[in-house]
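All remarks here apply to the structure that follows.
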Amino acid sequence: MRIITSPDPLLREVCEPVEIGDKSVKRLAKQMLREMYKDDGVGLAAPQVGVLKRIVVIDTQWPQEDEKGRPMKKNPLVFINPEIIEHSDERVKNLEGCLSVPGISCEIERWSWVKVKCFDENFNEVIREGDGLFGRCMQHEIDHLDGITLFERLSPLDRLAKLEEYKAAVERGAKPGEC
Ligand code: NI
């Protein structure tokens, strides 16, 4: 398994829904999580590993530390066919990176809170909601399933500037996980 990087055309494709009960999903999600942790990411979508299916993995807990400075326990979450069913009116801007756009980070405006309906890796329907990093991450990863990367979320002017910055990052050999 390898993380594909922009401008690979696979990152611009709209992904197919997963068939309910598809047994291959669990194994794929496990491999995606392993890859995500290896590259110090907090989220990964299946198209980033070349699989055009609506699958996302997220763990925004593990890179944080508890009050004693110890790393928090891992909390891997699998999202199958995720859909945003509710969101705040308020939108907030914050910096985001992406394993498929190594070497740069972009200020992106997102809803400050979202509620997402999906299936977990056992095909139980679950509702997950969140703000902060978790809420932002869910929106970022669901964007990937619709072929939307960081660049498509920027204004035309910012996009040009960031594409230049990204070109320079690629030239100096930036790897997934670098921001
Ligand atoms: Ni990403």
How charged is the neighbourhood of residue 149? Take every other residue with its Cβ under 12 Å from the Cβ of residue 149, and add Lys/Arg as +1 and Asp/Glu as -1. -3
For segment 58-131, the percent of all C-alpha pairs falling in each 10 Å bin, from 0 up to the bin holding the max distance, is 16, 33, 42, 8
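Suppose a student asked you for the relative contact order of the chain, using Cα pairs under 8 Å spaced at least 6 residues apart; what percent would you report? Each step should come with its number before you reach the end.
Working: 344 pairs, mean separation 45.0, N = 179.
Across the chain, relative contact order equals 25 percent.
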Give me the dipole magnitude in Debye, nearest 20, for segment 121-179 about the Cα centre, with unit charges on the beta carbon: positive for Lys and Arg, negative for Asp and Glu. 300
About the Cα centre of the chain, how large is the charge dipole given +1 on each Lys and Arg Cβ and -1 on each Asp and Glu Cβ? Please answer in debye to the nearest 20. 600
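Order the peptides 160-172, 95-107 from the highest to the lowest mean number of other Cβ atoms within 10 Å of their residues.
Final packing ranking: 95-107, 160-172.
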Ordered by packing density, taken as the mean number of other Cβ atoms within 10 Å over each peptide's residues, highest first, how do 74-81, 20-27 rank? 74-81, 20-27
FRET E, pair residue 19, residue 160, Förster distance 41 Å, beta-carbon r, rounded to 0.05: 0.55
What one gets for segment 73-179 as the Kirkwood radius, inverse of mean 1/r over different Cα pairs in Å, is 15.0
Note, residue 162: beta-carbon cut-off 12 Å, +1 each Lys/Arg, -1 each Asp/Glu, net -3
Does the chain come out rounded, prolate or oblate, given a ≥ b ≥ c as the square roots of the eigenvalues of its C-alpha gyration tensor, rounded meaning a/c under 1.5 and, failing that, prolate meaning a/b above b/c? rounded
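Rule-based calculations on the coordinates, nothing more; no lab input. Everything quoted here is computed from the prediction, not taken from an experiment. Heads up, the Cβs are rebuilt from the backbone with ideal geometry, glycines too, and the neighbour counts pull from every protein chain shown.
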